[in-house]
Every structure is written in structure tokens, then in C-alpha cells.
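Some notes on the structure that comes next.
What follows is calculated from the coordinates using simple rules that are stated; it is not laboratory data. As the structure is a computational prediction, the values presented were derived from the model and not from experiment. Every residue, glycine among them, receives a Cβ derived from its backbone with ideal geometry; neighbour counts consider all protein chains shown.
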Amino acid sequence: MADAPRAAVVVEDLTKRFRDFVAVDHLSFTIAEGEVFGFLGPNGAGKSTTIRMLCGLLLPSEGRAQVAGLDVARETEALRRQIGYMPQLFSLYPDLTSVENLEFYAGLYGLRQPSLGTRIEELVVRLDLEAVRGQLTGTLSTGWRQRVALACAIIHEPPILFLDEPTSGVDPAVRQQFWNLIGDLAAEGTTVLVTTHLMEEAERCARLAMIDRGRLIALDTPQALRDGLQGLLYEIDADPLLPALEALASAPFVMDAALSGATVRVRVAEMGISREAAIRDALAAAQVNVVDIRAGEPSLEDVFISLVGDREEASAR
């Protein structure tokens, strides 16, 4: 039997308060070496605050965390040599070229010639930076700045990499390239924690922590999270759309309802009566025209909506 992978990150009851506001509320999880671990949640959920604590940039109010075996509150200097951090707002110097930024960050980590020059050329090739190596980063597009920022984060070949909303503001093709790089790094043994609010990105993680208002509401593989969703899903094309959403959201047999593009997605309880007929009756009573009803497959968005709704119901009791 193969040995279980060692833990790269261990978090126990990690909490961060800003006066009376609890930004991170008793989080606990473990990330294995070489794992791509995702934080999924809306803006303001506490994802960035958690990463900043794990990087030693913020002190926890309560709890503890170890990264690469180092205490994030007491061993910050040693910790920074073991991690790469790519913040949501890329911390590049706009009046330096791409290579000058790499040289600057390499100097912070103590890299010197001749190994420094070799490492920079490796990253220029790997991240396809040749075309922009001499350009000021302040003149680059978001996609190019993203690549340069990643190169700066891994210049010292850290075993653990923290990426905070790394693909925010880039097009799907660039996002695909970036996730291919993440996969390559993980295959080489790098542990990656990535925050995102995009469901398609969350699907690429080996395991996923769902965060809402600072609290962990689910932790599992994307497939297991989808498989655990209760009820049946339907997609409804209706006219007018918003009255359809309102009618179904208030129907007693509907567990939750949300818009997905020009479609209403509903999760309904398993009932003895025809679910499709019940949906049609509810919409007819609201004078909404039904164009089409079809069964849907569970998505991570459905799971998140369900879990947030369950929390809100529990807090209302």
C-alpha cells in the first residue's frame, strides 16, 4: 500500500478579525504535497485574507497554520523562502521591464549569477516571454502581466505556490494556458493553492474548499460535491424570465432557483407527483409562458447555491 502524501499546508481553526468584523472564521483544512487545492467563493468571502495569513503577511487572530512545516505567525522569514505568492493585483514594477522584474525578485530571494541568468532564461522559454522580455510591464496587457507575475512568483522554485484570483480579467484562451502551467507545476511536485470565483476553474482542482462569509461550507473533490447534491435539477426556458424565477423561487416544492444566462435553473425535491407538471402549473399560475423544460446536470454553482441557502435557513431559525 502506497504511503499517504505528506501535508504541505495544515490549518487549524484559523481566524482573522478586523475589530468586530470576522473575515475568516475558524477554518481547518490540510493540503497534500503536489496537490492543486482550490478556494471557491464570492468576493469578500475571506479567500484573500486566508492566503495572506498563510504567506505570513497577516497575523491570525486565533488558530494556527503550518506551511512547509513552518509556523506562519512565528517563522515568517523562513516561510517566504519556501513559498511563491501571486496576489490578485500583480505586484510588478511598471517602470521595469519583464526581465528586470525577474532580476529584482530573484535578488530578494538571494539568487545570483550564473544560476540567476540560467533560471531567467528557463522561465522566459517556459512562459513564452521572449516577445515582451524588454518591455516595461506597465505597458503590457493583463495576460502578459499575468505571465510575468507568475514567473516572478516561481523564480526561486518554491515548493508551495499561492495564487490569488490569478486569471481575473483575462480571456478564456489565456486562462486555459495559465491552467496548463499550473498543471505542469503540480505534476513536478509543486503544491498549489488557488482562489477563484469561477466555477470552470474550480473544476480543475483536485479538491475544493467552498467558502462563504469567512466560513468553510464544503470540502471535497468537485465530483463528490456534485454527487452529494440533493434533489433533481431542471432548466427552464420561459417568457418573461424574471417573473418565472420569482414564481419558481416561491413554489413550495422548489429547493432553490437561480438564473443561468437566459435560463432558470431549479432544484426540486423528489416528489410523488410529476415534477415537470408541477413546474408548468406554477408558471401557468404566474402567467408565464413555458418554452422548454429539460433535466439538468448538477454543477458546482448549484452546490454552492444549495449550501449557502441551507446556511441562511439555519441562521433564520
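A few remarks follow.
- FRET efficiency estimate (nearest 0.05) - Cβ-Cβ, ASP227 to GLN82, R0 45 angstrom: 0.80
- Label-point separation, THR118 to ALA32 (7 Å along Cα→Cβ), nm: 3.3
- Sparsely packed loop sites in the range 109-210 (the GluC sites (Glu not before Pro) outside DSSP H, G, I, E and B with at most 10 other Cβ atoms within 10 Å) comprise GLU188.
- Nearest 10 degrees, 0 to 90: helix 275-285 Cα axis against the chain principal axis: 70
- Taking a quarter of the surface of the Cα convex hull of the range 230-297 gives a mean projected area of 4.0 nm².
- At an R0 of 30 angstrom, the distance between the Cβ atoms of ARG215 and GLN176 translates into a FRET efficiency of 0.45.
- Antiparallel DSSP beta bridges within the chain, as percent of all bridges there, nearest 5: 70
- Just checking the listed ones, ASP239, ASP220, ASP164: in the Gaussian network model of the chain with Cα springs under 10 Å, the one fluctuating most is ASP239.
- For the chain, the longest principal axis of the alpha carbon atoms and the long axis of helix 98-108 meet at an angle near 70°.
- For the range 93-149, the alpha carbon positions stretch 30, 21, 15 Å along the principal axes, listed from largest to smallest.
- Centre separation in Å (Cα based) which lies between the range 77-147 and the range 22-45: 26
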